[in-house]
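Okay, structure first, notes after.
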Amino acid sequence: MSQRGLLIVLSGPSGVGKGTVRKALFENKDTAYEYSISMTTRQMREGEVDGVDYFFRSRKEFEALITAGKMLEHAEYVGNYYGTPLDYVNKTLDEGKDVFLEIEVQGAMKVKEKMPDGIFIFLTPPDFSELKARIIGRGTDDMAVINERMVVAKSEVEMMRHYDYAVVNDKVELAVDRIKKIIESEHYKVSHVIDYYEKMLEEM
């Protein structure tokens, strides 16, 4: 009898470094989570790979999946859809594997409605000036989009109260270590293992 895996949700404001931290986490040889790749309608950035960083789909394709009920969550952010395929997540959790999602704040709140027993981690910037510098440093957006992202980021930080943990991304390696410690401790919570032992007692 295997325990159902943990659903781990990492999100935070645009530009905080979610993708960088997630990549560093999965490059760590001790990481044993399954990464659930998100789907998006935004344009692929230089260096990104379809099916690795995101599933890149057209708006029409994405909306067809929404209509078919095939998304765990989806949100529209700065003119593009982002979402998480549902079937993969449930199948992997049922196999006893932890599933790691890196998604936008809007999407995380929708996941929380459907799977409130997930572990919700909010990645924070050291401060807002650093956040703006990181967004500018990408070199992918003009100033109008950057300013729009900053307005959205401030509203997203206000959503932190709905998360279980807050991890500051001052240094990537430190953020990775903090996240790993959170997930390890969650595996020892009675609420995660109690069903397993209750079923074992029933079978005795």
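The values are calculated or read from the model by the stated rules, or taken from the named source; none is laboratory data. Keep in mind the model is a prediction, meaning the values are calculated, not measured. Cβ placement follows ideal geometry from the backbone for every residue including glycine, while neighbour counts extend to all protein chains displayed. Ligands, DNA and RNA are excluded from the accessible area calculation, which covers all protein heavy atoms including side chains. Shrake-Rupley method; radii C 1.70, N 1.55, O 1.52, S 1.80 Å.
Given the C-alpha atoms of region 19-131, compute the convex hull and give its volume per residue in Å³.
134 Å³
In debye, nearest 20: dipole of the chain around its Cα centre with unit charges on the Cβ of K, R (+) and D, E (-)?
My answer is approximately 380 debye.
Could you tell me how many degrees, from 0 to 90 and to the nearest 10, lie between the Cα long axis of helix 172-186 and the main elongation axis, the longest principal axis, of the Cα atoms of the chain?
Computed tilt is about 30 degrees.
Using θ = phi - 60° and the Karplus curve 6.51 cos²θ - 1.76 cosθ + 1.60, what whole-Hz ³J(HN,Hα) does each residue of region 188-198 get, with Gly and Pro shown as x?
Here the 3J(HN,Hα) series is 9, 5, 4, 4, 7, 9, 4, 4, 4, 6, 5 Hz.
Using only Cα atoms, find the angle between the long axis of helix 128-138 and the longest principal axis of the chain, and express it within 0 to 90 degrees, rounded to the nearest 10.
It works out to around 80 degrees.
In the chain, if the dipole is taken from +1 on Lys/Arg beta carbons and -1 on Asp/Glu beta carbons about the Cα centre, which of Leu131, Leu93, Leu65 is farthest to the positive end?
Leu131
So what does Leu7 come to for accessible area, using a 1.4 Å probe and Å² rounded to 10?
Approximately 10 Å² of Leu7 is accessible to the 1.4 Å probe.
Pairs of Cα atoms under 8 Å, at least six residues apart: use those to get the relative contact order of the chain, whole percent.
It rounds to 31 percent for the chain.
If you count only protein heavy atoms and use a 1.4 Å probe, how large is the accessible surface of Glu73, to the nearest 10 Å²?
That residue has around 10 Å² of solvent-accessible surface.
Given H placed 1.01 Å from N in the peptide plane, which residues other than close sequence neighbours of Val168 have an amide H under 5 Å from its amide H?
The list, which skips near neighbours in sequence, is Thr124.
Based on the mean of other Cβ atoms within 10 Å per residue, sort peptides 27-33, 123-129 so the most packed one is first.
Top to bottom by mean Cβ count within 10 Å: 123-129, 27-33.
Expressed as a whole percent, how much of the Cα-Cα distance distribution for region 68-111 exceeds 18 Å?
Beyond 18 Å sits 29 percent of the P(r) for region 68-111.
When all protein chains stay in place, what accessible area (Å², nearest 10, 1.4 Å probe) is found for His187?
Ignoring ligands and nucleic acids, His187 comes out at about 60 Å².
Can you compute the modelled spin-label distance between Phe128 and Asn147, with each label point 7 Å from Cα toward Cβ, in nm?
Placing both labels 7 Å along Cα→Cβ, they lie 1.5 nm apart.
For region 73-79, take each phi angle, set θ = phi - 60°, evaluate the Karplus expression 6.51 cos²θ - 1.76 cosθ + 1.60, and give the result in whole Hz per residue in order, putting x for glycine and proline.
In residue order, the calculated couplings are 7, 7, 8, 9, 9, 6, x Hz.
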